[in-house]
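Chemist: Please find one structure pasted underneath; my questions will follow.
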Amino acid sequence: MVAVSKGYLVPAADFAGTVHSVFATACNLTVDGRLLTVHDAAAPHTPTSVRVVSWRPRARAGGPARCAGGILTFGEHALDLRALPVWTPPPPPPPAATVPPAITAAREVARIRERHVEARGIPAVPGLAARAESLLEALTGRPRDVPRAVAGLVGLGPGLTPSGDDLLVGALAVLSRAAPGSAFAGSAFPALAYGVRRHAHRTTDVGAHYLRLAAAGHFGEPLVNLVDALVTGAARAAVPALTQAALRVGASSGADGVAGVLLGLRALGSSPDRKAA
Amino acid sequence: MSSIREHRIYPNRYQDSVALMALSAALAELPGVETASVVMGTGANLDNLREAGLGEVDAGPGDLVVAVLGEEEAVARALELADERLAEQPSGDAGDGAVARRTLRTLRQAVEENPAHNLALISVPGPYAAAEALKALRLGLNVMVFSDNVPLDQEIEIKRFAEERDLLVMGPDCGTAIVNGLPLGFANVVRRGRIGVVGASGTGTQEITTRVHQLGEGISQALGTGGHDLSAEVGAISMLRGLRALAADEETDVIVLVSKPPAETVAKTVVEEARTLDVPVVICFLGADPAAFGGDGQGVHFARTLAGSADAAVALARGETPPAESAAPPYDQVRFAPGQRYLRGVFTGGTFCYEAQLLAQDAGIQAASNTPVAGNLALADVRASTGHTILDLGDDAFTQGRPHPMIDPLPRDERLLAEAADPATAVVLFDVVLGYGSADDPISGLLKAIGEANARAGREGRALAFVAHVCGTDDDPQDRSAVVARLREAGVLVAENNAQAAAIAAGMTP
């Protein structure tokens, strides 16, 4: 087992923590109230993950985890984090020509997502669509209602990161990355991030971790790549592949995250910016 | 009978969402259960449980909640089933929805459990595959190495090690085999029979075995060698061993060898070996000139195409003379708009792509490709087609970090749509590969893409020709006849085999 890269928020200094949860190809470690995920290199980067090759996690939840001198140990594993390549996302796209390309490509993204959901037989989560619409209405017309709309979504759905959480992360990604070029996104992102921070405790530990990261503008690699392509229109031909990469995250998290991206794009499309355009 | 509601809480238990939804559905389907839900105990989910009539549950976000409403006995049964399923799938196993079963952990355990086991299938990351293969060989097992990216020196080492022990190594990068009637990897449901195949090409082997089945004969064994076996360095160790094994097999009357062009010296060795055997051997070295190896005779028959190989093998098995390899059958020409002039091939099978390029060359079409045959052009950017283009979407350039398009055909469907949207495209050629390992439903998305492509072309005053072939049998889980019928209903010209499809497509191209 060898570490091959790490995210830019993985602590560089020594730390001590515990093993939070163990999965088929991933382990979550709790470090200073945050999660650090060690996962197979087949999965894409997140800000707080260490990617490794050829491993099968051998650790027990609750066991100790420690990083000293750049060597991370937990369970039966010891990983050398020194001199690892660090994945860092690019800065948000420049503020030129943002919204129209996003709106155009959204239809394509929606179509690919629809096929993905159909092909994998991912069932709809009761109440998710209606609550997502409430969030959209709040974002675009009733900013004061945003926290309440967020409360309806946080923790909604089965799984490790409930669907509502993933959807919120997708929406936050759009608003965060589009903020430099959109006054609407510039005000909607902090409003949504506030609601998310306020209610993050209502979901699973893992869901809360990714919600808090997103509220601070930190997202996984597939989401950053897809959203940047959408809001800049710079890599239109790559949108299908980027959409598929984002859809492949987790069991259903990818589909929910992309639903959030689409919701974010819709919010941009009905924003004052869009009307002005 | 009155309903009751009950729930169970599993503290700090994490499962992925699809697994939980599958469990919810399984519980809800039990007779007497009105509704059931398996979710994490977040506030939003607990609200939903209440609204669904599943009652008040006092749980935290890290707890897994199983809640059931229904007849008393049914509820008890459902909770028991949930308990069993959750126990089978250990806490924290981010599975794919399938329930985990007790499994053997080592090859040694498997051999100890049943000493009759004599074949191990190795599928681990390439750098570790040789070590696992050696473990299996030391236990006296033949080996199929599904893994790719195994260093060549390690491939040579395990093959020589196996030779010394009279064992067979199929692979590395061996995706297809049928052993004693059991399909391994990407393989089809074919009847057992008297034709044996040794293939350095997975889809090549699939095409030959399925056509043999369609022609009414069957397969004794189909052995894979991996794509590097016929290189000068490896020296066809596995192909020669497979050839000798089939020659000694009483159930094999005819042998077919299939490969992309081997190293010339290696090919000569293989052909010479074939000429010494008592059983007839059909050889298909795609793109190679049979004259370089002495041509037909002395028990050896050369075929130019995969389908031609199967046709020849069936004829020989029946004591007949191999038929001449057929040209493209008649077809209706499509009236293309001015400017439509290119052939675009979108393949999931690498050997199909290779064969299609060769046959297109016969028709005077020099195509670009991500895997060009000799005389064709390498695409500068695999994402953008140029002129005539024939793509292998199963190549590494397209499959890094994602499933092969035979497993997840979405990338193929997307690319097909993109090619069809190009106003210069006239003919779109593609394959559909059925069988074990391939997508359960490989064409629903494809048909949607074709519908969209035709609608767009119609709006723009263009006409498109879609030409395809379906590699598979009616006994495959996907049912070849049903797939062919659906494609034809959508206006696709479905040829009998890949060679015919390629010849038709090349002939149609203006």
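The values are calculated or read from the model by the stated rules, or taken from the named source; none is laboratory data. Computed from a predicted model, the values in this text were never measured in an experiment. Methodologically, a virtual Cβ is constructed for each residue, glycine included, from the backbone with ideal geometry; neighbour enumeration extends over all protein chains shown. The accessibility values were calculated without ligands, DNA or RNA, using every heavy atom of the protein model including side chains. Shrake-Rupley method; radii C 1.70, N 1.55, O 1.52, S 1.80 Å.
Chemist: With the requirement that a residue be buried (at least 24 other Cβ atoms within 10 Å of the Cβ) and in a helix (DSSP H, G or I), what does segment B:421-448 give you?
Modeler: Hit for segment B:421-448 is B:Leu446, nothing else.
Chemist: In this structure, does B:Asp431 turn out to be within 18 Å of the chain's Cα centre (by Cα), farther than 24 Å from B:Arg335 by Cβ and within 14 Å of another protein chain (Cβ to nearest Cβ)?
Modeler: Working: within 18 Å of the chain's Cα centre (by Cα): yes; farther than 24 Å from B:Arg335 by Cβ: yes; within 14 Å of another protein chain (Cβ to nearest Cβ): no.
Answer is no for this residue.
Chemist: On the basis of being in contact (Cβ under 8 Å) with a residue 24 or more places away in the chain, part of a helix (DSSP H, G or I) and closer than 13 Å to B:Glu6 by Cβ, does B:Leu54 make the cut? Full working, then the answer.
Modeler: Values: in contact (Cβ under 8 Å) with a residue 24 or more places away in the chain: yes; part of a helix (DSSP H, G or I): no; closer than 13 Å to B:Glu6 by Cβ: yes.
Spelling it out, it is not the case that B:Leu54 is in contact (Cβ under 8 Å) with a residue 24 or more places away in the chain, part of a helix (DSSP H, G or I) and closer than 13 Å to B:Glu6 by Cβ.
Chemist: Just one of B:Leu121, B:Leu49, B:Leu69 is more than 10 Å from chain A (Cβ to nearest Cβ), open to solvent by 80 Å² or more (accessible area, probe 1.4 Å), outside any loop (DSSP other than H, G, I, E, B) and modelled with pLDDT of 85 or more; which is it?
Modeler: On the way: B:Leu49 fails: open to solvent by 80 Å² or more (accessible area, probe 1.4 Å); B:Leu69 fails: open to solvent by 80 Å² or more (accessible area, probe 1.4 Å).
Only one candidate passes the filter, namely B:Leu121.
Chemist: Take the residues in segment A:36-59 that are touching a residue at least 40 places away in the same chain (Cβ under 8 Å) and of a type in the set (S, T, N, Q); name whichever of them is surrounded by the fewest Cβ atoms within 10 Å (Cβ to Cβ). Give the derivation first.
Modeler: Residues of segment A:36-59 that are touching a residue at least 40 places away in the same chain (Cβ under 8 Å), as a first pass: A:38, A:43-55, A:59.
Subsequent filtering for residues that are of a type in the set (S, T, N, Q) retains A:46, A:48-49, A:54.
Numbers: A:Thr46: 28, A:Thr48: 23, A:Ser49: 24, A:Ser54: 13.
My answer is A:Ser54.
Chemist: Just to be sure, is B:Ala315 outside the structural domain of B:Cys471 (by TED's automatic domain parsing), without any contact (Cβ under 8 Å) to a residue 12 or more places away in the chain and either open to solvent by less than 70 Å² (accessible area, probe 1.4 Å) or closer than 30 Å to B:Asn370 by Cβ (or both)?
Modeler: Numbers: outside the structural domain of B:Cys471 (by TED's automatic domain parsing): yes; without any contact (Cβ under 8 Å) to a residue 12 or more places away in the chain: yes; either open to solvent by less than 70 Å² (accessible area, probe 1.4 Å) or closer than 30 Å to B:Asn370 by Cβ (or both): yes.
So B:Ala315 passes the test.
Chemist: Can I ask one more? Against the condition open to solvent by less than 20 Å² (accessible area, probe 1.4 Å), part of a helix (DSSP H, G or I) and either more than 8 Å from chain B (Cβ to nearest Cβ) or within 23 Å of B:Asn45 (Cβ to Cβ) (or both), how does A:Val206 come out, does it pass?
Modeler: So A:Val206 passes the test.
Chemist: Turning to a different aspect of this structure: So for segment B:398-415 (the condition being touching a residue at least 12 places away in the same chain (Cβ under 8 Å), of a type in the set (Val, Ile, Thr), in a loop (DSSP other than H, G, I, E, B) and more than 12 Å from every other protein chain (Cβ to nearest Cβ)), does at least one residue qualify? Show your work before the answer.
Modeler: Step one: filter segment B:398-415 for residues touching a residue at least 12 places away in the same chain (Cβ under 8 Å), giving B:398, B:404-415.
Imposing the further condition that a residue be of a type in the set (Val, Ile, Thr) reduces the set to B:407.
Next, from what is left, pick out any that are in a loop (DSSP other than H, G, I, E, B): B:407.
Subsequent filtering for residues that are more than 12 Å from every other protein chain (Cβ to nearest Cβ) retains none.
The answer is no, given that none of the residues of segment B:398-415 is touching a residue at least 12 places away in the same chain (Cβ under 8 Å), of a type in the set (Val, Ile, Thr), in a loop (DSSP other than H, G, I, E, B) and more than 12 Å from every other protein chain (Cβ to nearest Cβ).
Chemist: Can you tell me which of A:Gly75, A:Gly70 is open to solvent by less than 80 Å² (accessible area, probe 1.4 Å), in the same structural domain as A:Val38 (by TED's automatic domain parsing) and modelled with pLDDT under 90? Write out each step before concluding.
Modeler: On the way: A:Gly75 fails: modelled with pLDDT under 90.
The match here is A:Gly70.
Chemist: Got a sec? Which of A:Gly17, A:Gly33, A:Gly7 is away from chain B (no Cβ under 14 Å), within 22 Å of the chain's Cα centre (by Cα) and buried (at least 18 other Cβ atoms within 10 Å of the Cβ)?
Modeler: Numbers: A:Gly17 fails: within 22 Å of the chain's Cα centre (by Cα); A:Gly33 fails: buried (at least 18 other Cβ atoms within 10 Å of the Cβ).
Exactly one residue qualifies, and that residue is A:Gly7.
Chemist: List the residue pairs whose Cβ atoms are under 8 Å apart, where the first residue sits in segment B:1-28 and is farther than 22 Å from A:Thr161 by Cβ, the second is in a helix (DSSP H, G or I) and among the charged types (D, E, K, R), and the two are 6 or more positions apart or on different chains.
Modeler: Hits for this filter: B:Met1/B:Glu72; B:Ile4/B:Glu72; B:Arg8/B:Asp83; B:Ala26/B:Arg85.
Chemist: Give the residue that is nearest to A:Ala245 (Cα to Cα), with candidates limited to residues of segment A:36-57 that are more than 12 Å from every other protein chain (Cβ to nearest Cβ) and assigned to a loop (DSSP other than H, G, I, E, B).
Modeler: A:Thr46
Chemist: Scanning for something touching a Phe, Trp or Tyr at 6+ places or on another chain (Cβ under 7 Å), over 28 Å from B:Leu64 (Cβ atoms), part of a helix (DSSP H, G or I) and modelled with pLDDT of 90 or more, does segment A:180-187 turn up at least one residue?
Modeler: In the first step, residues of segment A:180-187 are kept if they are touching a Phe, Trp or Tyr at 6+ places or on another chain (Cβ under 7 Å); the result is none.
No: segment A:180-187 contains no residue that is touching a Phe, Trp or Tyr at 6+ places or on another chain (Cβ under 7 Å), over 28 Å from B:Leu64 (Cβ atoms), part of a helix (DSSP H, G or I) and modelled with pLDDT of 90 or more.
Chemist: Name the one entry in B:Gly461, B:Gly491 that is among the small types (Gly, Ala, Ser), assigned to a loop (DSSP other than H, G, I, E, B), open to solvent by 40 Å² or more (accessible area, probe 1.4 Å) and under 21 Å from B:Pro329 (Cα atoms).
Modeler: Details: B:Gly461 fails: under 21 Å from B:Pro329 (Cα atoms).
That would be B:Gly491, the only listed residue that is among the small types (Gly, Ala, Ser), assigned to a loop (DSSP other than H, G, I, E, B), open to solvent by 40 Å² or more (accessible area, probe 1.4 Å) and under 21 Å from B:Pro329 (Cα atoms).
Chemist: So, restricting to helices (runs of 4 or more DSSP H) that lie completely within segment B:230-324, which ones have at least 1 residues that are within 25 Å of the chain's Cα centre (by Cα) and under 28 Å from B:Asp166 (Cβ atoms)?
Modeler: Working: elements: B:237-247, B:264-275, B:306-317.
Here the list reads B:237-247, B:306-317.
Chemist: It is to be established whether one or more residues within segment B:4-15 are within 11 Å of chain A (Cβ to nearest Cβ) and open to solvent by less than 30 Å² (accessible area, probe 1.4 Å).
Modeler: Within segment B:4-15, one or more residues are within 11 Å of chain A (Cβ to nearest Cβ) and open to solvent by less than 30 Å² (accessible area, probe 1.4 Å).
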